Amino acid sequence: MFQPKQISQAAIPEALEKAERYRLLNEPAEAESICLDILGVDPENQQAIIALLLAVTDRFSKGYGVSETQAKELLPRIKGEYERAYYTGIVAERRGKAKLTAARHFSQSQAYDCLREAMDWYEKAEAVRPSGNDDALLRWNTCARIIAQNKLTPREEEKVELPLD
């Protein structure tokens, strides 16, 4: 097979800009490829790890059949308690939005569960956020509004009656 060509360390800032541009152009696969090239040279580059995480989760609702495994594997690589909690919330929120657009049995209640999980992570991020950074609150509010606007509810537990002996 073909081996990717390695980019230079000096090319990283421009490559990060290109990755962001591809994400904004709704071309997450291209952004993902660029981030992998950056991480091949600088495995701990936080901007590339976060851009890769966002590119992967951009694909959740696009019908690419992307598993959340890759996104979850990136989360421990994010340094900083706030950032890790915030981006874990992003993964859960995007998974919830993807469930919301899926026309499958229980997808509405699964969307609710994912959005509530995201809200829990945003609350954790809120508790340790830098002064003046209300991003986690904005995301929490978005999740709350999605739940309300779509009248999402948790899945009702099935009542199982056990036979009496």
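The values are calculated or read from the model by the stated rules, or taken from the named source; none is laboratory data. In this text, all values refer to a predicted model and were calculated from it rather than measured experimentally. As a convention, Cβ positions derive from the backbone with ideal geometry for all residues, glycine included, and neighbour counts pool all protein chains shown. To get the accessible areas, we keep the full protein, side chains included, count just its heavy atoms, and leave off ligands, DNA and RNA. Shrake-Rupley method; radii C 1.70, N 1.55, O 1.52, S 1.80 Å.
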Quick one: dipole size for the chain, taken about the Cα centre, charges +1 on Lys/Arg Cβ and -1 on Asp/Glu Cβ, in debye to the nearest 20.
400 debye
Considering the zone a paramagnetic label at Asn26 would reach in this model (a point 7 Å from Cα along the Cα-to-Cβ line), which residues of the stretch 36-70 have amide N under 12 Å from it?
62-63
In the chain, with Lys and Arg counted as +1 and Asp and Glu as -1 at Cβ, which of these residues, Leu115, Leu74, Ala98, has the Cα nearest the positive end of the dipole, that is, farthest along it?
Ala98
Set the Förster distance to 41 Å, then compute FRET efficiency between Ala102 and Asn141 from the Cβ-Cβ distance, nearest 0.05.
0.95
Which of the helices in the chain, when you take each full DSSP H run, stretch at least 15 Å along the axis at their Cα atoms and have an average Kyte-Doolittle score of 0.5 or higher?
28-41, 46-58
First measure r as the distance between the Cβ atoms of Glu14 and Lys62, then evaluate 1/(1 + (r/R0)^6) with R0 = 22 Å and state the FRET efficiency to the nearest 0.05.
0.25
Computed from the beta carbon distance with a Förster radius of 30 Å, FRET efficiency for Met1 and Asp42 to the nearest 0.05 stands at 0.80
Over the chain, give the accessible area per residue in Å² for a 1.4 Å probe, as an integer.
64 Å²
Using mean Cβ contacts within 10 Å as the protection proxy, how do 74-82, 112-120 order, highest first?
112-120, 74-82
How big is the Rg/Rh ratio for the stretch 55-131, C-alpha atoms only, Rh by Kirkwood, two decimals?
1.01
Cut-off 10 angstrom, C-alpha nodes, Gaussian network model of the chain. Which of Tyr87, Tyr122, Tyr22 fluctuates the most?
Tyr22
Equivalent ellipsoid, the stretch 28-68 (semi-axes from 5 times Cα gyration tensor eigenvalues, Å)
20, 9, 7
Any of Lys62/Lys151; Lys5/Lys79; Lys99/Lys151; Lys72/Lys97; Lys72/Lys124; Lys72/Lys99 with alpha carbons more than 20 Å apart? Name them for me.
Lys62/Lys151; Lys5/Lys79
Please report, to one decimal in angstroms, the Kirkwood hydrodynamic radius of the stretch 1-122 built from all distinct Cα-Cα pairs.
15.1 Å
Show Val41, Val91 ordered by accessible area, largest first, where the area counts protein heavy atoms only and the probe is 1.4 Å.
Val41, Val91
Take the solvent-accessible surface of the protein heavy atoms, probe 1.4 Å, and return the percent of it on the stretch 21-72 that carbon and sulfur atoms account for.
48 percent
